[in-house]
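S.K.: Okay, here's the structure, questions in a sec.
The values are calculated or read from the model by the stated rules, or taken from the named source; none is laboratory data. These numbers come from a predicted model, not from an experiment.
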Amino acid sequence: MQGLPRYLSSAPVLATIWISLQAAGLIVFNYYFPDLLFHPLP
């Protein structure tokens, strides 16, 4: 049970970093390919 508090305290930090990286990746992708994220339906 010693590692459980460490895991619970680091999981929100890791989740925040992961979500921030995904958001930055989407921003960069949308900058270079602005029309690929929002395709109009045929």
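S.K.: Answer yes or no as to whether residue 41 is under 19 Å from the mean Cα position of the chain (by Cα), outside any helix (DSSP H, G or I) and at pLDDT below 75.
M.R.: So residue 41 does not fit the description; no.
S.K.: Go over the candidates 5, 12 one by one and state the one that is part of a helix (DSSP H, G or I) and either of a type in the set (D, E, K, R) or at pLDDT 85 or above (or both).
M.R.: That would be 12, the only listed residue that is part of a helix (DSSP H, G or I) and either of a type in the set (D, E, K, R) or at pLDDT 85 or above (or both).
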